[in-house]
Amino acid sequence: MSSGDQPAEHRPALPSSLARGILGLPGRASRRAGRMRPRWRATSMAVLVILVAGSAAAAASLAGRQRDDAAAQRAQTAAMAAATTEIGQILSYDYRDLNADLARAASDTTGEFNGQFGVLSGQLIGPAAAQEHVVTKATVPDASVISSTGGEVVVLLFVDQSTTNKTQKKAQQNVSQVRVTMENVGGRWLVEQFQAL
């Protein structure tokens, strides 16, 4: 037996606390590993829930924005169509049916322009049309939305107007541009402001 080999009974004994610590390592490690797996699972689940909730919120926000954009687009389309029809009616009248034409035109207006049109038709358009036998027909070949905010849409319209009177039998053609503000009143788009350009 070499000097390095000592009988087992002569080997120094390990302190009992150290021995218990070393012998207990595999059990503690396995228990710790067993405890960590569920913790990681819980953390992963929490992260997944946050990601899913965030994605759902983003999707809902995007869907809401798309609904708002679609509603705004529908409003602009409806306002532009109404402006095209109503401006054609407001700028068209026949001295032979003047009262009905001006009443129809007035029903297409609201707010500030309603008052202005009442004065204009009563003091200028009506008397001149009756006296001069004016017949004027307006059409709107093109229109474009300039801006839109809430219940108001501003529209630019290109107007072709053909006019005759008792001294001008051949129709006189006039091309103009008007800018109108359309307001939604009870679900109907009406002319609230009118500006010739």
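The values are calculated or read from the model by the stated rules, or taken from the named source; none is laboratory data. Just so it is clear, the structure is predicted and the values come from calculations on it, not from any experiment. Please note: Cβ atoms are built from the backbone with ideal geometry, for glycine as well, and neighbour counts cover all protein chains shown.
A count restricted to segment 142-178 and to residues that are in contact with a Phe, Trp or Tyr (Cβ under 8 Å, 6 or more places away or on another chain), among the β-branched types (Val, Ile, Thr) and loosely packed, with under 15 Cβ neighbours inside 10 Å stands at 1. Restricting attention to segment 138-162, the residues that are touching a helix residue (DSSP H, G or I) at 6+ places or on another chain (Cβ under 7 Å) and closer than 11 Å to Met182 by Cβ total 6. Does Thr85 count as within 25 Å of the chain's Cα centre (by Cα), β-branched (Val, Ile, Thr), surrounded by fewer than 14 Cβ atoms within 10 Å (Cβ to Cβ) and not in a loop (DSSP other than H, G, I, E, B)? So Thr85 passes the test.
Close Cβ contacts (under 8 Å, 6 or more residues apart or on different chains) running from residues in segment 107-135 that are on the phi > 0 side of the Ramachandran plot and in contact (Cβ under 8 Å) with a residue 12 or more places away in the chain to residues that are in a helix (DSSP H, G or I) and not aliphatic (A, V, I, L, M) comprise His133/Tyr95. For segment 93-140, give me each residue that is under 20 Å from Gln193 (Cβ atoms) and outside any helix (DSSP H, G or I). Those that are under 20 Å from Gln193 (Cβ atoms) and outside any helix (DSSP H, G or I): Ser107, Asp108, Thr109, Thr110, Ala138, Val140. Exactly one residue out of Glu112, Glu132, Glu192 is more than 36 Å from the chain's Cα centre (by Cα), among the charged types (D, E, K, R) and surrounded by 12 or more Cβ atoms within 10 Å (Cβ to Cβ), and it is Glu132.
Here's the yes/no breakdown for (1) under 15 Å from Thr85 (Cα atoms); (2) among the hydroxyl-bearing types (Ser, Thr, Tyr); (3) modelled with pLDDT under 95:
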position: Asp160; (1), (2), (3): yes, no, no
position: Lys170; (1), (2), (3): no, no, yes
position: Val175; (1), (2), (3): no, no, no
position: Gly187; (1), (2), (3): no, no, yes
position: Leu190; (1), (2), (3): yes, no, no
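Against the criterion of being part of a strand (DSSP E or B) and without any contact (Cβ under 8 Å) to a residue 60 or more places away in the chain, Asn184 does not qualify. Set side by side, the residues Ala128, Ala138, Ala143 differ, and just one is farther than 21 Å from Asp69 by Cβ, touching a Ser or Thr at 6+ places or on another chain (Cβ under 7 Å) and small (Gly, Ala, Ser), which is Ala138.
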